[in-house]
Amino acid sequence: MNLARKICTLPFQNVNKNLYRKLRISASHYESSTYSQPQVQEEKFDFEDLKIIERTERRKAQIPPFMKNVFVSVFDRDLLAYPEILNKEESEALDQRIAALDRVFFDPEKTKDDRKAVLKGTKMYAAPVNLTNGGLAMNHTESLRFLDTISSDLQLGQELSDHWVSLNALKLGLPEDSYQKIIDDLTSGEKTIALCIKERVAERVLQADFRTVAEMDGRNVWRISGEKVCTQVSGYFLVLCTTHDTGHLKMFLVHPGAEGISHDDTYVSFQKTPGIPLDIVTEENLAKTLGVSRLHTAALCRASLLQAMQAVADYIRPRIFAGKPLSEISSIRSVIGEALINIYASESAEYFTAGLLDGYMEPDAELEMAMCRNFIAQNGLDTLLKLIAIPNVEMKAESNQLLDNMRSLTLRGETIDSVNMYIALNGIHHAGTRMAEEIKQIRNPLFNPSYILKKILADRHQEKDQPKLTLYLAEHLHPSLRVPSEQLEYCVLRMKFACETLMARHGMEISKAYTELNRLAEAATEILVMTAVLARASRAYCIGLRNAEVEMKLAACFVEKSKERVRKLILEIDDGEYLNLDHFKVQFGRKVLDTKSILVEKPTARVFW
């Protein structure tokens, strides 16, 4: 049949060519015949580039909040498929820009001016802006890839992170005509935008916590007065204020060189400084936009830890101690391995969260971004102290610089405890709305004896710390990860029990249970990172990435260790403040603060001779 088909088609193989030639000739005659006639020029419209629409349309439908549902032990198993956001064309374009940045940022002979020049050449200052305005329409996944390289210069990395977040806020908050007037200046790279959000802690009880106020003068111009934590001394400022008339929070854009601005090393002060309000954006959308800075902070912390690990590794390789290479000492290898595990876990969680933001419509991922920040801020600082202890005597200046970089990042705009409270309160609020009726009955046992009896029977496995594994997470991962998936499942199923215990114990006063809420936030953070690590390792092994077997081992080690941390945290929540010793620690701290002393006498003190 194939031979017959070929023979039959041979006589007609030039038909298409001849037909095309005739049509082309006739078309050219048609054009020449009408050339002298009046030509109608079609009007061209500057439509928005279709790539932006394609990225929006590629997103999947909105899904329920992932980590908020984990607080009630509801797990979306579909998310165990690690997100793949970029297509081939986008990935190739991203790799080209990354290569251009790498050549400059990792060349020790290049100066800061060279690095700024390549940022301008690759349109980094305009990256979040739409293509029609000269930007790259960058998504969150791409922003993390760019920061991986740019963060080798920590100051530039932080400036660019604030600039990107501010550009997105301006896009949402300014009218289109006002936005178009200033966008060219904002994306040129000559001036960046600094975020001014955090203020000094109040010194007196009667002093307001938020003291930066904006009020409208007689000429309908908003005037800003207050003080913000900010190290930038030039460029634009995006300032968070309370309005004098309503008391609501609102963002204002302050132009360079505006009147009433003064600086010192840490703070910038505004005295009747004119600002442009971001009226269109709601407080909720503004909070989501500003929350992306936490995801960027996580990437910067991870890059700082990676830089420290590489510096320590370069120190270790050529050196010998007691007739043995330092690289063969098991305790040193263990510290390097722990750093690698934390870097891998943090990177997995960051790109997992970026996948949620880029892959679904209207994602509710604020908790996930906060968890990414806190995980690497806490674990990274602990690991860094172990790393720099190895070469600290001979590399004192470099070790101090690495430690100062990590310290400034972990405290960038907020503390670990404040973010933990944000995570826990949002999670417990979501759980409270889902379990309100159950908590009412638990807190009134005498009026609900039948429910209490059923609850005792239902929670008998939870009381024994042996919940039934009913989520079947192993079915969505590679079979080699069955044991780690069951450990993750154990942690997820314990979260609802922990939330139920806290709400039943404290009721409406739960917002004051700081130490227990802190534990709950840490447990939830570990669960997010465990999920991301398992999903990433499973994907790498299934598609055959290089060193995928190492990723499987990294994931298994991390989940094994995290499972024990979560188990300990939830058991301490269940035990209460007396068994977990919180009550006594709080009392000791209160006495120290009240008496302004350490309470105890010196070991050599006597009361008699």
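The values are calculated or read from the model by the stated rules, or taken from the named source; none is laboratory data. In this text the structure is predicted, and so the values were computed from the model without any measurement. Glycine gets a Cβ as well: all are built from the backbone with ideal geometry, and neighbour counts include every protein chain shown. Only protein heavy atoms, including side chains, enter the accessible area calculation; ligands, DNA and RNA are left aside. Shrake-Rupley method; radii C 1.70, N 1.55, O 1.52, S 1.80 Å.
What the table shows:
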| quantity | calculated |
| --- | --- |
| 24 Å Cα-Cα reach of Lys596 towards lysines, excluding residues that sit fewer than 8 places from it in its own chain | Lys585 |
| Label-point gap, in nm, between Ser511 and Lys440 - each point 7 angstrom along Cα→Cβ | 2.1 |
| Residues in segment 486-508 that a label on Asp575 would reach, taking backbone N under 18 Å of a point 7 Å out along Cα→Cβ | 498-499, 501-502 |
| Computed E for Asp265/Thr415 - FRET, C-beta separation, R0 25 angstrom, nearest 0.05 | 0.80 |
| Dipole in debye (nearest 20) - the chain, about Cα centre, beta carbon charges: Lys, Arg +1; Asp, Glu -1 | 1380 |
| Per residue, in Å², the accessible surface of segment 441-531 once ligands and nucleic acids are set aside, probe 1.4 Å | 51 |
| R0 of 25 Å, Cβ-Cβ distance Leu425-Leu172: FRET efficiency to nearest 0.05 | 0.50 |
| Residue among Ile423, Leu144, Ile316 farthest towards the positive dipole end of the chain, charges placed on Cβ | Ile316 |
| Cα-Cα separations in the chain greater than 31 Å, expressed as whole percent | 61 |
| Segment 202-342 - percent relative contact order, Cα under 8 Å, separation 6 or more | 17 |
| Segment 447-599 - Rg (one decimal) and Dmax (whole number), Cα, Å | 19.5, 63 |
| CD proxy at 222 nm, helix term only [per DSSP H run n ≥ 4: -39500 (n - 2.57); per residue of the chain; nearest 500] | -19000 deg cm²/dmol |
| Relative packing of 283-289, 117-123, which averages over residues the other C-beta atoms within 10 Å, highest first | 117-123, 283-289 |
| Axial C-alpha extent at least 24 Å, average Kyte-Doolittle at least -1.0 - helices from the chain (DSSP) | 15-33, 88-105, 154-173, 283-316, 330-359, 366-388, 416-434, 482-506, 514-543, 548-575 |
| Prolate/oblate/rounded call for segment 250-316, Cα gyration tensor, a/c under 1.5 rounded | oblate |
| Cα-based shape type of segment 172-305, given that a ≥ b ≥ c are square roots of the gyration tensor eigenvalues and the cut on a/c is 1.5 | rounded |
| Sequence-distant lysines (8 or more away, or on other chains) whose Cα lies within less than 23 Å of Lys272 | Lys191, Lys198, Lys228, Lys250 |
| Trypsin sites (Lys or Arg not before Pro) restricted to DSSP loop in segment 537-582 with at most 10 other C-beta within 10 Å | Arg546 |
| Calculated FRET efficiency for the pair Ala93/Met361, C-beta based, R₀ 25 Å, to 0.05 | 0.55 |
| Point-to-point label distance, His248-Val233, nm (Cα→Cβ direction, 7 Å offset) | 3.8 |
| Lysines with Cα under 16 Å of Lys68, excluding same-chain neighbours fewer than 8 positions away | Lys288, Lys496 |
| By average C-beta atoms within 10 angstrom, highest first, the peptides 352-359, 88-95, 411-418, 321-328 | 352-359, 411-418, 88-95, 321-328 |
| Zone residues, segment 214-253, relative to Lys272, backbone N less than 16 Å from point 7 Å out along Cα-to-Cβ | 214-226 |
| Long-range lysine pairs (8 or more apart or interchain), segment 346-490, Cα under 22 Å | 7 |
| Rg followed by Dmax, in Å, when segment 302-444 is reduced to its Cα trace | 20.3, 70 |
| Mean Cβ neighbour count within 10 Å, used as a protection proxy, ranking 446-456, 142-152 highest first | 142-152, 446-456 |
